[in-house]
Amino acid sequence: MGDWIPREEWVKTQPQALVASCVMLLDDQDRMLLLRYGPGQEGASGTWWLPGGMLDEGESPWPAARREMVEETGIILGSEPCLIGIDHRTDVLGTGPVVDYFFAARLATGQQIQLSPEHDQHAFHHSDDLPNRLAAHRQTLTALYAAALAGRAVYLQEGLPV
């Protein structure tokens, strides 16, 4: 019979992971919004990726995705989440495991992108005309794009469809 330890001690022995949320915002031509990290963004400057970021303490994935969209683009998303993917990465830049939630949304007519100081450019792309310098796997974006158009979710490991 194993040694019993109190739950609060047992929890400390369990794996810890960071959690992030991103949004694939599609325009009326089914192109996805990508943002380019500006100067001073350690290791990411000049690379393109979806709007998003890490959850704040006590925040859940969909509210975090909505908050990140407002912070990075000025776009206010509706209240209904559309989950299109989950990715588990075992180690991200030495921080340990990260679980990413990906949501899809549509750009409402007349909404304009207002970039935060974190980014210096934005562009809309189809999955077959992505920029060369992406912040992560091209396959991640193509799998998420297909999931968004199909209205389903995809499971990823290390950014690649399983």
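The values are calculated or read from the model by the stated rules, or taken from the named source; none is laboratory data. This structure is a prediction, so every number in the text was calculated from the model and none was measured. Quick reminder, even Gly has a Cβ in these numbers, built from the backbone with ideal geometry, and neighbours come from all protein chains shown. Note: accessible area is taken over every heavy atom of the protein model, side chains too, but ligands, DNA and RNA are not part of it. Shrake-Rupley method; radii C 1.70, N 1.55, O 1.52, S 1.80 Å.
Taking the range 133-150 on its own, how many of its residues are modelled with pLDDT under 95 and either open to solvent by 70 Å² or more (accessible area, probe 1.4 Å) or more than 21 Å from Gly53 (Cβ to Cβ) (or both)?
Taking the range 133-150 and keeping what is modelled with pLDDT under 95, we get 135-137.
Still in the running and either open to solvent by 70 Å² or more (accessible area, probe 1.4 Å) or more than 21 Å from Gly53 (Cβ to Cβ) (or both): 137.
Number of matching residues: 1.
Is it the case that the range 115-138 has a residue that's of a type in the set (D, E, K, R), under 15 Å from Leu26 (Cβ atoms) and touching a Leu at 6+ places or on another chain (Cβ under 8 Å)? Break it down stepwise before answering.
First, the residues of the range 115-138 that are of a type in the set (D, E, K, R): 118, 120, 128-129, 133, 138.
If we keep only those that are under 15 Å from Leu26 (Cβ atoms) as well, we get 128-129.
Still in the list and also touching a Leu at 6+ places or on another chain (Cβ under 8 Å): none.
No, the conditions are met nowhere in the range 115-138.
Against the conditions (1) of a type in the set (Gly, Ala, Ser); (2) part of a helix (DSSP H, G or I); (3) open to solvent by 10 Å² or more (accessible area, probe 1.4 Å), where does Ala64 fall short? Just the number, please.
Only one criterion is unmet by Ala64, namely (3).
Being part of a loop (DSSP other than H, G, I, E, B) and acidic (Asp, Glu) is the filter here; which residues of the range 119-162 pass it? Give the derivation first.
The first filter runs over the range 119-162 and keeps only residues part of a loop (DSSP other than H, G, I, E, B), leaving 126-133, 135-137, 151-153, 158-159, 162.
Once the filter is applied, which keeps residues that are part of a loop (DSSP other than H, G, I, E, B) and acidic (Asp, Glu), the range 119-162 yields Asp128, Asp129, Glu158.
Just checking, how many residues over the range 76-99 are surrounded by 17 or more Cβ atoms within 10 Å (Cβ to Cβ) and not hydrophobic (A, V, I, L, M, F, W, C)?
The qualifying residues number 4.
Determine which member of the set Arg106, Arg7 is open to solvent by 60 Å² or more (accessible area, probe 1.4 Å), within 25 Å of Asp129 (Cβ to Cβ) and either touching a residue at least 60 places away in the same chain (Cβ under 8 Å) or not acidic (Asp, Glu) (or both). Steps first, answer last, please.
Numbers: Arg7 fails: within 25 Å of Asp129 (Cβ to Cβ).
Within the list Arg106, Arg7, the selection yields Arg106.
Out of the strands (runs of 3 or more DSSP E) lying entirely within the range 1-54, which hold 2 or more residues that are farther than 24 Å from Gly94 by Cα?
Details: elements: 18-26, 32-37, 52-54.
Per the criteria, 18-26, 32-37.
Among the candidates Thr73, Thr47, which residue alone is of a type in the set (Ser, Thr, Tyr), closer than 21 Å to Tyr145 by Cα, touching a Phe, Trp or Tyr at 6+ places or on another chain (Cβ under 8 Å) and open to solvent by less than 60 Å² (accessible area, probe 1.4 Å)? I'd like the intermediate steps shown before the answer.
On the way: Thr73 fails: touching a Phe, Trp or Tyr at 6+ places or on another chain (Cβ under 8 Å).
None of the other options fit; the residue is Thr47.
Take the residues of the range 21-69 that are of a type in the set (Ser, Thr, Tyr) and modelled with pLDDT of 95 or more: which is farthest from Val154 (Cα to Cα)? Give the derivation first.
Residues of the range 21-69 that are of a type in the set (Ser, Thr, Tyr), as a first pass: 21, 37, 45, 47, 60.
So of that shortlist, the ones also modelled with pLDDT of 95 or more come out as 21, 37, 47, 60.
Numbers: Ser21: 15, Tyr37: 26, Thr47: 24, Ser60: 19 Å.
Across the range 21-69, the extreme among qualifying residues is Tyr37.
What pairs can you find where one residue is in the range 58-79 and touching a residue at least 40 places away in the same chain (Cβ under 8 Å), the other is surrounded by fewer than 20 Cβ atoms within 10 Å (Cβ to Cβ) and among the hydroxyl-bearing types (Ser, Thr, Tyr), and their Cβ atoms are less than 6 Å apart, with a gap of 6+ or different chains?
Qualifying pairs under 6 Å: Glu71/Ser116; Glu72/Ser116.
State all residues of the range 10-44 that are of a type outside the set (Gly, Ala, Ser) and either open to solvent by 100 Å² or more (accessible area, probe 1.4 Å) or free of Cβ contacts under 8 Å to residues at least 40 places away in the same chain (or both); if no residue qualifies, say none.
Of the range 10-44, the ones of a type outside the set (Gly, Ala, Ser) are 10-16, 18-19, 22-37, 39, 41-42.
Listed by number, the residues that qualify are Trp10, Val11, Lys12, Thr13, Gln14, Pro15, Gln16, Asp28, Gln29, Pro39, Glu42.
Across the range 74-98, what is the total count of residues that are among the basic types (Lys, Arg) and part of a loop (DSSP other than H, G, I, E, B)?
0
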